[in-house]
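All remarks here apply to the structure that follows.
What follows draws every value from the coordinates through simple rules; no lab data is involved. Everything numeric in this text was worked out from a predicted model, so none of it was measured. Every residue, glycine as well, gets a Cβ built from its backbone with ideal geometry; the counts of neighbours run over all protein chains shown.
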């Protein structure tokens, strides 16, 4: 093998290794500020697991500021939020098959649209910060009111109500509840 070809291959391998290490480092640094969490709700044989990243408020104006009104949000930070259901269920009154879905929201000051989407989007936004969600892959959508609470939730939180009747999104002074049943 000619020396020039050998040097080119070694240089390409070095660039690939450095790129891989840099990507892993950036991902680790990003997740320090918005740690990843997996949350699971169990009821009988039904399991709903949510995997998402939890940004902090840190004194910022959240809704209408960091998360603009009228623009689709990946509903968390870093990767798109993932919901996995072990059995069929209803989301905002719409029947949904068991499986994995991404969660998207369209925040408004008084009402939100919340979407379940069958597409898997590794990062959730493009380089301009626009949501990568393909609306043609929406399997359910719900319009729900915003409840403004007197207390402030510092870190973005997704949970299921104890009785399994709602998926709740909580951050800052906003509480959003999407009806669920299984």
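For a footprinting-style exposure proxy, rank 123, 112 by other Cβ within 10 Å, fewest first.
On the way: 123 11, 112 22.
Ordered by Cβ neighbours within 10 Å, fewest first: 123, 112.
Across the range 34-182, how large is the tail of the calculated P(r) beyond 27 Å, expressed as a percent of all Cα pairs? Could you put the intermediate results ahead of the total?
Working: 1537 of 11026 pairs.
When all Cα pairs of the range 34-182 are counted, 14 percent exceed 27 Å.
Can you put 127, 156 in order of Cβ neighbours within 10 angstrom, beginning with the fewest? Before the final figure, lay out the partial values.
Values: 127 6, 156 23.
Ascending number of Cβ neighbours within 10 Å: 127, 156.
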Would you order 180, 48 from fewest to most other beta-carbon atoms within 10 Å of each residue's own beta-carbon? 48, 180
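Taking 8 Å as the Cα distance limit and 6 or more residues as the minimum spacing, I'd like the relative contact order of the range 50-115 as a percentage.
Working: 103 pairs, mean separation 22.1, N = 66.
Contact order relative to length: 33 percent.
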To the nearest 10 degrees, how steep is helix 3-33 against the longest Cα principal axis of the chain, on a 0 to 90 scale? 20
